[in-house]
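Asks: Take this structure first; my questions come after.
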Amino acid sequence: MTDKTELNLTGAKENKCVWLVKVPRYLSQQWERASDKGEVGTISIAKKQGKPEVSFRLSEDLTSLAAAGEKDASPQVPRDHPFGMHAVGGQTLLTYSQSSTGQYALSLEGTVVHRAECTPVVNDNYMKLKKMQIKECTKCPRLSQQLERAITTVFKPVANHDFNIVYEKKKKSEGKMVRAERQVVLDMLFSAFEKHQYYNIKELVDITKQPVTYLKEILKEIGTYNNKGPHKSTWELKPEYRHYQTAEGT
């Protein structure tokens, strides 16, 4: 069975030439309202002083913004749209079509030979349309409504959420201290040992705000506990983690 990701290159053999045209959103929306075989408009191509002049005229049936069966809305969609022509340049642009049926998922349709931008004629009708679009954009999507009775079928307010209850239980079980990420604790410890060489466990708990058992697990990896000597009952970094030189004889 052929892989659906394969590309149909029949269009490359036919060497079809296509135009790549950017159109306003309202124009594409009106085209979608047209029937499958309906005419959406006409394109006129002429020459003026040796340069091509291209324009699109929307079908009169699609100028109304109202849905079928409703009264005509005001303003109406502009009909005339001149093309602003642009050079393709040194790049190669191709067009493809996508299909969920058949042997291929993608098919090459042709090579772009012209780029254009479809722009409306700025007149009173167009300005009314833009004014209406701006008003639609500024409408608040949320509305407040006074309820006559409480709604019991959707969400009910709770005194405390589940994640808060879990967090509080964790705080109590660990002496009101919640374990931070291991790397975060390491960063705090290294920062502390940059200031002083020796710390007792109580001082490190106050600095890191971590449970004692969890803190000792991390300290055993990077530190050494002094059982005797002038710094008895304190922690210091292992030699490979120290940023200072140890004096001889200490």
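Asks: In the range 184-231, carbon and sulfur make up what percent of the accessible area (probe 1.4 Å)?
Replies: 54 percent
Asks: Among Thr119, Ser144, Val54, which residue has its Cα furthest toward the positive end of the charge dipole of the chain, with +1 on Lys/Arg Cβ and -1 on Asp/Glu Cβ?
Replies: Positive-most Cα among the choices belongs to Ser144.
Asks: Shifting gears a bit: Which percentage, to the nearest 5, of the DSSP beta bridges contained in the chain is antiparallel?
Replies: Of all bridge pairs located within the chain, approximately 75 percent are antiparallel.
Asks: A further question follows. Report D for the range 175-241 in µm² per second (integer): Stokes-Einstein, Kirkwood Rh on Cα pairs, 20 °C, 1.002 mPa s.
Replies: 178 µm²/s
Asks: Return one whole number: the accessible area per residue of the range 166-215 in Å², for a 1.4 Å probe.
Replies: 67 Å²
Asks: Gaussian network model of the chain, Cα springs within a sub-10 Å range: biggest mean-square fluctuation belongs to which of Thr152, Thr63, Thr224?
Replies: Thr224
Asks: Near Met85, within a Cβ-to-Cβ distance under 15 Å, what is the net charge of the other residues, with Lys and Arg +1 and Asp and Glu -1?
Replies: In short, +3.
Asks: Using a Gaussian network model of the chain with C-alpha springs under 10 Å, which one of Pro78, Pro24, Pro211 is most mobile by mean-square fluctuation?
Replies: Pro211
Asks: May I ask which residue of Gln183, Gln197, Asn226 lies farthest towards the positive end of the charge dipole of the range 175-241, with charges of +1 (Lys, Arg) and -1 (Asp, Glu) on Cβ and the Cα centre as origin?
Replies: Checking the options against the dipole of the range 175-241, the answer is Asn226.
Asks: Where in the range 164-235 are there GluC sites (Glu not before Pro) that are in a DSSP coil and have at most 10 other Cβ atoms within 10 angstrom of their Cβ?
Replies: Glu181
Asks: How big is the chain by the Kirkwood estimate over distinct Cα pairs, in Å?
Replies: So the Kirkwood estimate lands at 27.6 Å.
Asks: Using a Gaussian network model of the chain with C-alpha springs under 10 Å, which one of Val88, Val158, Val121 is most mobile by mean-square fluctuation?
Replies: Its mean-square fluctuation being the largest, the pick is Val158.
Asks: Right, here's the next one. Let's see if you can work this out: charge +1 on each Lys and Arg Cβ, -1 on each Asp and Glu Cβ, no other charges. What is the dipole magnitude of the chain about its Cα centre, in debye to the nearest 20?
Replies: Using only the charged Cβ atoms, the result is roughly 740 debye.
Asks: Given charges of +1 on the Cβ of Lys and Arg and -1 on the Cβ of Asp and Glu, with all other atoms neutral, how large is the dipole of the range 175-241 about its Cα centre, in debye to the nearest 20?
Replies: For the range 175-241, the charge dipole is close to 300 debye.
Asks: With charges only on Cβ, +1 for K and R and -1 for D and E, what is the dipole size of the range 84-138 about its Cα centre, in debye, rounded to 20?
Replies: In debye, rounded to 20, the range 84-138 gives about 260.
The values are calculated or read from the model by the stated rules, or taken from the named source; none is laboratory data. Just so it is clear, the model here is predicted, and its values are computed rather than measured. Counting neighbours? That spans all protein chains shown, and the Cβs are built from the backbone with ideal geometry, glycine included. For the accessible areas, the whole protein counts, side chains as well, though only heavy atoms, and no ligand, DNA or RNA atoms are used. Shrake-Rupley method; radii C 1.70, N 1.55, O 1.52, S 1.80 Å.
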